[in-house]
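Notes follow once the structure below has been shown.
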Amino acid sequence: MSEAKSFKEKIHNVPPVLWMLITCIAIFTILSPQFFELSNFRNILIQAAPLLVVSIGVTVVLLSEGVDLSTGGTISLTTVLWITFLKMGIPITVAIIMTLIIALFVGGVNGFIVAKGNIPPFIVTLGMASITSGVALVITQGYSIYFFHPLFSRIVNSHLLYIPMPIVIAGVVFLVTWFLLYRTKYGAQVFGLGGNPEALTLGGINRIWSVVRVFSYSGLLAGITGLILASRIESGNPISGVGWEFDAVAATLIGGTSFNEGRGGIGGTILGVLLLAIIRNALNVIGVSSMYQSALIGSMVLLAIIIDVSMKNKKDNRIETEV
Amino acid sequence: MQNPILSAQGISKRFPGVQALDKVDFDLYPGEVHIIVGENGAGKSTLSKCILGAYLPEEGEIYIEGKKVSIKSSKDALGFGITAVYQEFNLIPYLSVAQNIYFNREFMSKIPGMVDMKKMHEEAKKILSSLNVDYIDTKTKVKHLGVAEKQMVEIAKALSFKPKIIIFDEPTAPLSEREIEAFFKQIHKLKAAGIAIVYVSHRMHEFDQIGDRITVLRDGKYIGTVRVDSISDDELVKMMVGRDVSQVYKRTENEHTGEALRTENICDKKGKVRNVNITVNKGEIVGLAGLVGAGRTELARLIYGVDDIYKGNVYIKGEKVSVKSPEQMVKLGLGLLPEDRKGLGLALKMSVAWNIVSVSLRDMFPKLFINSQKISDAAEENIKELRIMTPSPHRIIKFLSGGNQQKVVIAKWLNTDSDILIFDEPTRGIDVGAKMEIYTLMDKLAAEGKAILMISSELQEVIGLSDRLYILHEGKIVSESKRGELSEEEIGLRMLTVEA
Amino acid sequence: MGKVIKRLQNSQGLLSLMGLFILVLLSSVFSDRFLRVDNIITILRQSSILLILSVGLTGVVITRGVDLSISAIAAFVGCTCAQLLKAGVPIFFVFIIGIILGGIIGLFNGFLVGKLKLPPFVATYGTMMVVSGLSLIMMQGAVIYGLPENFTWYGVGYIGPIPVPVVAAVIIVGIFLVLLKKTTFGREIYLIGSNHNAAVYSAIPVKKRIYTMYSICGMTAGVAGLLLTARLNAAEVAMGDTFGLQTVAAVVIGGTSLLGGEGGPVGTVIGALILTIVVNIMNLLGISSYAQPVVIGVVIISTVYLDVVSKQNRVN
Amino acid sequence: MKRFLLITLVMVMAMGILFAAGEQETGPSSAMNKDLGDEYYTSTPGERTFQIPMTGVGLESATDVKANETFSLACMVKNATNPYMVKILEGAKAAAADLGVDMVTLGPTKADSIEEQVRIVEDLIQKGVDAMILVPSDSNGIMPAVRKANQQSIPIATIGTPAAEPTFLRTGVDYTKTGVIVAESVAEALGGKGDVIVLEGAPGAQNGQERLQGIKDEFAKYPEINIIASQTANWNRVQGMQVMENLLQRFENVDAVIGCNDEMAIGAIQALKAAGLSDVVVAGFDANKDGCLAIQSGEMLISYNTDPFGSAYLATVYLVQNLIDGTIPPQYFIPFPDKQENPIIDKSNVDVFMATQAWWL
């Protein structure tokens, strides 16, 4: 294989979303001088952090050929539970652990039902979303509950080695997930679930537990997102997670993870999340009226996925000819 | 002589409606290649699955190194040193080669929970280089490997268990000739290392090269075990099918009147079909032989309009057509019975009747609305005519046996007025009885004046049925011959190389 | 008689039908008001628009697709048509335009799924965002009130004792029943959903059928939007939000598999009724609206669980 | 499985520790409003005793103030789907045009998402706006964003729902109080006894909860008035109708319905009409067009004009005044419309209101 070809190969292997990202940044910079500022990029990163955390969990689920629409509900529930626990006077670390364990459990239930009954995850997690957001409403009786703890501002405003805390948290989650996915046998099982579940059974692995692990991990990360959100809005809000599940799935798909065969990875998800965050931020910074934002974001998402899918199809053909 | 490492006695296994194995005996010595042959549906795979613990036999005992054992799962089998290389790959597409080889048996590093990737790649590399395939990078994702490479990874995976017994289920089916040769070298190496090999196959020409003994099964029954060097091919076939070959392939003499289908220098975009010229006349069965990967199925897909033609022309009944889609070709009277029955031929969730009428539906009811009774009646008729074994036309087709499913695929096309039919591997995976019926049917169709192009890997079938025979090699037609012009050996040779 | 029983056993919707029956039974035990005629008419009227949306969706789900954009299409069509009505366009034309508009958006979905091979989930989600964005732009946040009475009749009027939307729903379900079960088109849709590749090899024009099915789904969404607008006597951007993913839930509860190739409109009728009755009985019992989603979630998961598990048992 | 549990547990712990780590941030700064004294903030909403820098209400709003340079302002509401919110944006835009300043109008794409509102404010700070009008989904939830704006000394006016800590200005109505006023009128119309149904706003929406609280507080004074049901209908006419239909199945006797906005009240009226009930007292809030028509026709008893247009207009004028010469409003909460503008709409004044004071066309 010649050098030139491997360079071409590399260009081909660049995820399409990256081109899209670069194009968007270029266009937005032309449209608004305030957009291309260091402080704004920092702002974007901080805003993208919670979405990244939940999207990483969703990516893992998608890699295992599932889908998780319950993350939004879990986020709402987590913000409410955490604040409720704090109001009850439970020490903050204990409250965090309790909340995250519940989030983990919610995901686990999803996984168990999906695997045990062979039910499409779409409908299971849809039902679970209804349940969790309902529970959040029942707990708060519809109110948003306020609580302040100095830790909140530490989570959202402090820095670790000059890096804003939300980004540190997202970074840690990313690294841990990376290791779990690519350096442990559990990660290999995720790809197995997505690519060839038969191989899992032949390898002597209990498929149900594998699925439970995948979904509970997604639940856990949705829980962490909920904690960040609660700190950001200093309250437990029973509707705070509405719509996040779709953003997370969209970011994952834009990032090149697909619904089948366990193709994709969490690296692309970062790009997908960034693309969404940048579009939203830029539309606000440019001052595009909210009337137009929804249609614009929708078209961008569609465009990103059309590009991704069609480039993938092309690539598949290319590889086939090389065989 | 040593004691057998594995001995199975009186194994029986029943599936709903089928006695898959009926008191079968089988034994295996270290360092031997023991071939299991039989027509499709004879019970070859079932037997190997019983040894592997995937099925639990209802009767019979299995002894390993003289001890009676019970193998209940693949885990148990591994414990006894039995592993397998499956016909359908059990690899995970988006994991690397090394990860696949050591799936769920990863080397752990000192950090708890973490896999020692370095060691895993090293060990994987060692196994691959022992197989002389160092060119496979252990870090490549399996998805990006070719079929032969995947096969090698499967073998490496099997070897990584350090097994005493390896079961190969039709291992050469996806391989090209060059790859088969390399593969046989590996088999010899494994033999030399004292590993016992069970080799499930129906490719008779391979047996001399690698086999020691052959066990023949027919319809789930044990027929006998013979040494490879002590039996001729004809005798073996007789053991397999239980009757003379000449009776199996009976052809009615008929006239071939005029051209039905002709291609002129057609090529596809991927270079798998190159400048192919074939002609099929009315009332003629034309065979298309070639190794897997020679471009046979690709050619059929081109003619049928599934894939786009890159260059060249197709003539139907002498008229040039620009091939756009299967819909259009069906209207012109062409039909294709695909090779992959479950994947391409049938809607498994639906009933026999709906499958039977799936192609002809719009012809039967040009006015949009359908009449269920008429469909049932039409299906009943086909079921009777083709002797499809089903309790009712409304039976979900998933529950039918392979042979009956194939008959349904044929029935689909009988209902259309297609006069050109392409049969792609019409008898793959079906039992002898059904095979004969399908041969008879094809003969009858030809006698009625239909033009048939038959793609098959089973040489005898091609030889026995075809009026004319094309041989395809790497996308090119390398030979055209009339019935009886070429012997089986000559055909085999031409399939492999251009010369000879 | 035996034949009928046998057919029932084979029918996908049997379990959901039993579920519905048990639900009705329990409901009438819990509340004596449940079985009153006017309550039943209320239930039917409330379920009618959900039903129209879900029946269209059923066809798409049978092709192994999904359409998340239908409630947005309904809102968009409703908004557009309300503006047309205000501009004095005759009702007949408004209906035609509304249905065509829905069909065009559906066709766009079909194009994304059939031609560009996007996963239906994300393709239609994107369409949903775009379409609801278009509604926002078109309406500029306004709500259109006070539509002509001969238009609102379609939403609030009665034919005999039966509300018009219920009649419309029955007609549309009937059309779909015939379309999916009794036409070549319908059978081909099932074939496509059951095995896409086999459909290609059976010379079925798969892409065209997918375009058509999504378009029809869009058209029914358009009809639902028109009826909804008539019923509200108003049009606003968010009016479809109530239905959202409920439509998918209704379809799946009714025994139509998200894996395609099985199910049908009858099941969806049952699914939509189950969802509506659960809410109705909770309201009759005075269960807090905050707790209602919890119950609905449990109902969705358990019904589908039982349905799938019983199907698997039947197979074995 | 055990090992997986271990890993997750470690991760959970790590998150706990991570969250607890980091440096302490200095507290929220409120440098802007430091010297104004306590009474500025604590002034209770009541009848205004001072002149506001604008005339008229609704679409008739006007002002004499003119900006001396092109300030850049922004107005962010709770969503872009509700006509009420859109009218706030229009009021802000109209005022900006009259004053000669720039106005950007935004709202979260996910309706009522407080987190997205925080994000939008952050983006606006980034954009470098001079002042902001906010309609927070939640008083406490918006605070982190408000604090950030304070750090940049960007004055903030809130409409309706205030921020938890005082900002430059709060205007619009006090939701609790509107609830009390409307409930009082309903109680009067019922003669102090009867069964009442309340249709609540969207779950989690603070303004709806406050209004509901006001209604409940007021009815608590009447022992013979029972709130027999209180259910959410999501601010939405369809759901108002559906919920009402269901409730009518449950209750034989309903004397009054209060919708926490006119939309839901009208939905309820439709359900009541369909059920053939005509003597039920219905009340709503906002005095939107259909609400007014219903009052005119006698189907609805009363509504409360919450004038989104005028409120946003007023907020804009005050903000621009401050940008011009540093003017501070006389008190933190300036209710609008207040008694001067006669916000209680019933049959007696509905015609006048519709002719000259409405915030809609």
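The values are calculated or read from the model by the stated rules, or taken from the named source; none is laboratory data. All of these numbers come straight from a predicted model, not from anything done at the bench. When we count neighbours, we look across all protein chains shown, and the Cβ atoms used for this are built from the backbone with ideal geometry, even at glycine. The protein model used for the area step is the full one, side chains on, heavy atoms only, and it has no ligands, DNA or RNA in it. Shrake-Rupley method; radii C 1.70, N 1.55, O 1.52, S 1.80 Å.
With r defined as the distance between the Cβ atoms of C:SER28 and D:ALA220 and R0 fixed at 45 Å, what FRET efficiency is calculated, to the nearest 0.05? Computed FRET efficiency for C:SER28 and D:ALA220 comes out at 0.80. Relative contact order, whole percent, for chain C stands at 35, derived from Cα pairs under 8 Å and 6 or more residues apart. Charge tally for D:ALA187 (other residues, Cβ to Cβ under 11 Å; Lys, Arg +1; Asp, Glu -1): -3. On the principal axes of its alpha-carbon atoms, region D:64-172 has extents of 34, 33, 23 Å, going from largest to smallest.
Within region B:6-241, the proportion of Cα pairs with more than 23 Å between them is 50 percent.
Sequence-ordered 3J(HN,Hα) estimates for region D:329-337 from the Karplus curve with 6.51, -1.76 and 1.60 and θ = phi - 60° stand at x, x, 9, 5, 9, 10, x, 8, x Hz, glycine and proline given as x.
When only the Cβ of Lys, Arg, Asp and Glu is charged (+1, +1, -1, -1), the dipole of chain D relative to its Cα centre reaches about 960 debye.
With all protein chains in place and ligands, DNA and RNA left out, the 1.4 Å accessible area ranks C:PHE121, C:PHE92 as C:PHE92, C:PHE121, largest first.
Taken over the alpha carbons of region B:167-318 as equal point scatterers, the Debye sum produces base-10 log I(q)/I(0) values at 0.09, 0.16 Å⁻¹ of -0.48, -1.02. Counting, for every residue in B:162-171, the Cβ atoms of other protein chains within 10 Å of its Cβ and taking the mean gives 0.
May I ask for the accessible area buried between chains C and D, both sides summed, probe 1.4 Å, to the nearest 100 Å²? Don't jump to the answer; show the numbers that get you there.
On the way: alone 15270 and 16680 Å², together 29260 Å².
In total, chains C and D hide about 2700 Å² from solvent.
Stokes-Einstein D for chain A at 25 °C, 0.890 mPa s, Kirkwood Rh over Cα pairs, in µm²/s? It comes out at roughly 120 µm²/s. Neighbours of B:GLU58, meaning other residues whose beta-carbon lies under 10 angstrom from its beta-carbon, give a summed charge of +1 when Lys and Arg score +1 and Asp and Glu score -1.
Over the protein assembly as shown, accessible surface divided per residue gives 37 Å², non-protein components excluded, 1.4 Å probe.
Projecting label points 7 angstrom from Cα along Cα→Cβ for B:GLU122 and B:PHE399 puts them 5.7 nm apart. Would you mind pulling out the separation of the Cα centroids of region C:106-166 and region A:224-251, in Å? So the separation of the two Cα centres works out to 28 Å. The residue list B:GLY43, B:TYR29, B:LEU56 was ranked by how far each Cα lies along the charge dipole of region B:6-82 toward its positive end, using unit charges on Cβ atoms, and B:LEU56 comes out on top.
Accessible-area rank, largest first, for D:PHE50, C:PHE243: D:PHE50, C:PHE243, with all protein chains present and a 1.4 angstrom probe. Could you point to the residue in B:ILE180, C:ALA82, B:GLN2 farthest towards the positive end of the protein assembly as shown's charge dipole, with +1 and -1 charges on the Cβ of Lys/Arg and Asp/Glu respectively? Going by the charge dipole, the pick is B:GLN2. Against chain B, whose longest principal axis comes from its Cα atoms, helix B:432-447 is set at around 20 degrees. Peptide C:184-191 has a mean of 6 when you count, residue by residue, the C-beta atoms of other protein chains within 10 Å of its C-beta. Using heavy atoms of the protein chains and a probe of 1.4 Å, the accessible area assigned to B:ARG387 is about 150 Å².
Only protein heavy atoms count here; on that basis, with a 1.4 Å probe, D:VAL280 has an accessible area of about 20 Å².
Pairwise alpha-carbon distances in chain B exceed 31 Å for 50% of all pairs.
Would you rank B:ASP419, B:ASP443, D:ASP217 by solvent-accessible area, highest first, keeping every protein chain in place and using a 1.4 Å probe? Intermediate results must be reported in sequence, preceding the final value.
Working: B:ASP419 55, B:ASP443 15, D:ASP217 75 Å².
From most exposed to least exposed: D:ASP217, B:ASP419, B:ASP443.
Between the C-alpha center of region C:244-313 and that of region B:398-450 there is a gap of 44 Å. Let me know the shape class of the protein assembly as shown, please: from the alpha-carbon gyration tensor, a ≥ b ≥ c as square roots of the eigenvalues, rounded when a/c is under 1.5, otherwise prolate if a/b is greater than b/c, or oblate. Judged from the Cα gyration tensor, the protein assembly as shown comes out prolate (a/c at least 1.5, a/b above b/c). Placing dummy labels 7 Å off each Cα toward the beta-carbon, the span from B:LYS367 to B:ARG14 is 5.1 nm. Residue pairs exceeding 24 angstrom between C-alpha atoms, taken from B:LYS342/C:LYS311; B:LYS13/B:LYS68; B:LYS450/C:LYS207; A:LYS87/D:LYS78; B:LYS349/B:LYS450; B:LYS272/B:LYS311: B:LYS450/C:LYS207; A:LYS87/D:LYS78; B:LYS349/B:LYS450. Projecting the Cα atoms of C:THR42, C:VAL130, C:MET219 onto the charge dipole of region C:2-315 (Cβ charges, centred on the Cα centre) puts C:MET219 farthest toward the positive pole.
Taking a virtual spin label 7 Å from the Cα of B:SER109 along the C-beta vector, which residues in region A:164-188 bring their backbone nitrogen under 18 Å of it? Answer for this model: A:172-188. Here chain A exposes an accessible surface that is 70 percent carbon and sulfur, computed with a 1.4 Å probe and the other protein chains kept in place. Compute the relative contact order of chain B as a whole-number percentage, counting only Cα pairs closer than 8 Å that sit 6 or more residues apart in sequence. Reported as a whole number, the value is 15 percent. Dividing the mean sequence gap of close Cα pairs (under 8 Å, 6+ apart) by how many residues chain A holds gives a relative contact order of 34 percent. Counting Lys and Arg as +1 and Asp and Glu as -1 over every other residue whose Cβ lies under 13 Å from the Cβ of D:PRO203, the net charge comes to -3.
The figure for A:ASP68 is an accessible area of roughly 0 square angstrom, using a 1.4 Å probe on the protein chains alone. Among the residues of C:240-252, the average count of other protein chain beta-carbon atoms within 10 Å of the residue beta-carbon is 3.
Which of rounded, prolate, oblate describes region D:175-305, given a ≥ b ≥ c as roots of the alpha-carbon gyration tensor eigenvalues and a/c under 1.5 marking rounded, otherwise prolate only if a/b is larger than b/c? Display every interim value, and only then the final one.
On the way: a/c = 1.21, a/b = 1.08, b/c = 1.12.
Rounded shape, in that the Cα axes give a/c under 1.5.
Apolar share of the accessible surface for region D:274-356: 52 percent from carbon plus sulfur atoms, 1.4 Å probe.
For B:LYS238, a cut-off of 20 angstrom between C-alpha atoms picks up these lysines, skipping any fewer than 8 places away in its own chain: B:LYS44, B:LYS221, B:LYS250, B:LYS435.
Within region D:107-265, how many Lys pairs that are eight or more residues apart, or on different chains, come under 25 Å at the alpha-carbon? Summing the qualifying lysine pairs gives 8. If the chain linking B:TYR315 and B:SER392 were pulled fully straight, counting 0.36 nm for each residue of separation and taking away their Cα-Cα distance, it would gain 23.7 nm.
Among the trypsin sites (Lys or Arg not before Pro) in region B:9-110, those located in a DSSP loop and surrounded by at most 15 other Cβ atoms within 10 Å of their own Cβ are B:LYS72, B:ARG105, B:LYS110.
Restriction of the chymotrypsin sites (Phe, Trp or Tyr not before Pro) in region B:72-178 to DSSP coil positions whose beta-carbon has at most 10 other beta-carbons within 10 angstrom yields B:TYR135. Per-residue ellipticity at 222 nm computed for chain C from its helices equals -24500 deg cm²/dmol, with DSSP H segments shorter than 4 residues left out and the rest contributing -39,500 (n - 2.57). Shown here: region B:259-495, whose C-alpha atoms stretch 49, 38, 31 Å along the first, second and third principal axes, sorted largest to smallest.
When the trypsin sites (Lys or Arg not before Pro) in region B:329-375 are filtered for DSSP coil states and for at most 10 other beta-carbon atoms within 10 Å of their beta-carbon, the remaining sites are B:LYS367.
If you take the accessible area of A alone plus B alone and subtract the pair, what total do you get in square angstrom, rounded to 100, with a 1.4 Å probe? Kindly include the intermediate steps, with their values, before the conclusion.
Details: alone 16010 and 23680 Å², together 37500 Å².
Its buried surface, counting both partners, is about 2200 Å².
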